[in-house]
Amino acid sequence: MTHTIAVAGKGGTGKTTLSGFLIDALVRKNNGLVLAVDADANSNLNEVLGIEIEETLGEIREDIAESGISADPKVPKGWSKQDYMDFRFNNAISEQDGFDMLVMGRTQGKGCYCFVNGLLQAEIAKFANNYRYIVVDNEAGMEHISRGILPKIDTLLLVSDCSRRGIQAVGRIAQLAKELGLTPKTVGLIVNRAPGGQLNEGIREEIGLQGLNLLGVVPHDDLIYEYDGEGKPTVTIPASSPVRKAFDEIVSKLDFS
């Protein structure tokens, strides 16, 4: 059975970094292939993981819309546009050591991302049974939760910083999940970038008011910013890093069966 893990929260809370650490932890667990899905139009999960992406779903869609199938000499004669789109979308999955990656990307110019959201939904549904785990780094807010992009959610990880607004934002996401009839086995909060790895009484109070299950606290670590500034993959941070140690401890407590 595929176990789907959705990571959600307010923008700027570090959910993409934690998504990368989670993917790395599951790969090290060596319990089955992982599909990493970057569902943010402003995609950068690949940079956290240290891989290059050749094409996103959004780029493929735009390419086909602009040129059609006749402009590509690789397309066999007699292929329909749908066949060609399926071929291109299948090749959008980047195969890595222990995990594959699919990136939503964005369309060009103005307009909503409804079409690309639909593509992402279809591609996840198509390949879901090929993987033991699917980890989805959602865009900021509640867009993908409300649109039902994922066929199911087994674990919903809510990421917040040490602010009441961040806690309130993930509280609304948790409430929306209930209203939509989603029934994850686990819904839990991870507070990221906590000074000294500690929460003050005000934040703990807000967590209680929102009825959230606190899974753990990840401390602030300047090494994250150093790696980012130097262009190093964040997941290559040493195991001795306080961030890695804290997050690995959280993951060890989670049931992904």
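Give me the number: length gained by fully extending ALA239 to GLU55, i.e. 0.36 nm times residue separation minus the C-alpha to C-alpha distance, one decimal in nm.
63.1 nm
Per the Kirkwood treatment, what hydrodynamic radius in Å, one decimal, follows for the chain from the mean inverse distance over all distinct Cα pairs?
Answer for the chain: a Kirkwood hydrodynamic radius of 19.0 Å.
Suppose we keep just the DSSP beta bridges with both residues in the chain; what percent of those would be antiparallel, to 5?
5 percent
Restricting to DSSP H runs of at least four residues, report the calculated mean residue ellipticity at 222 nm for the chain, -39500 (n - 2.57) per run over all residues, nearest 500 deg cm²/dmol.
-12000 deg cm²/dmol
Pull up the cross-link candidates among the lysines for LYS77, meaning alpha carbon to alpha carbon under 30 Å and not fewer than 8 places away within one chain.
Cα-Cα hits under 30 Å: LYS126.
What's the whole-number percent of alpha carbon pairs in segment 150-257 lying beyond 15 angstrom?
66 percent
Note the angle between two axes, namely the Cα long axis of helix 164-179 and the longest principal axis of the Cα atoms of the chain, as a number of degrees from 0 to 90, rounded to the nearest 10.
Tilt relative to the chain: about 60 degrees.
Full extension from GLN198 to ASP222: what is 0.36 nm times the residue separation minus their Cα-Cα distance, to one decimal in nm?
7.0 nm
Which residues in segment 153-171 place their backbone N less than 13 Å from a point set 7 Å from the Cα of ALA128 along the Cα-to-Cβ direction?
153-155
Take LEU176 and ARG164, extend 7 Å from each Cα along the Cα→Cβ direction, and tell me the distance between the two endpoints in nm.
So the label points at LEU176 and ARG164 sit 2.2 nm apart.
With a point put 7 Å past each Cα toward its Cβ, work out how far ASN31 is from GLU95 in nm, to one decimal.
2.5 nm
Work out the FRET efficiency for ASP86 and LYS152 from their Cβ-Cβ distance, taking R0 = 30 Å, and round it to the nearest 0.05.
0.80
Please compute, for the alpha-carbon atoms of segment 218-257, the extent along each of the three principal axes and give them in descending order in Å.
36, 18, 13
Near GLY171, within a Cβ-to-Cβ distance under 12 Å, what is the net charge of the other residues, with Lys and Arg +1 and Asp and Glu -1?
Summing Lys/Arg as +1 and Asp/Glu as -1 gives +4.
Using only Cα atoms, tell me the angle between helix 15-29 and the longest principal axis of the chain; keep it within 0 to 90° and round to the nearest 10.
80 degrees
Would you tally the net charge around LYS10, using a Cβ to Cβ cut-off of less than 10 Å, leaving LYS10 out, and scoring K and R as +1, D and E as -1?
Neighbour charge sum, excluding LYS10 itself: +2.
For each of VAL191, VAL7, count neighbouring Cβ atoms within 10 Å of the residue's Cβ, then give the residues from fewest to most.
VAL7, VAL191
What stretch of the chain, leaving out the sites themselves, is the longest with no trypsin sites (Lys or Arg not before Pro) in a DSSP loop having at most 11 other Cβ atoms within 10 Å?
Counting at most 11 other Cβ atoms within 10 Å as exposed, the longest clean stretch of the chain is 111-257.
Throughout, read-outs are computed from the coordinates displayed, never taken from laboratory work. Model, not experiment: these values are computed from the prediction. Neighbour counts are summed over all protein chains in view; Cβ atoms, including those assigned to glycine, are modelled from backbone coordinates with ideal geometry.
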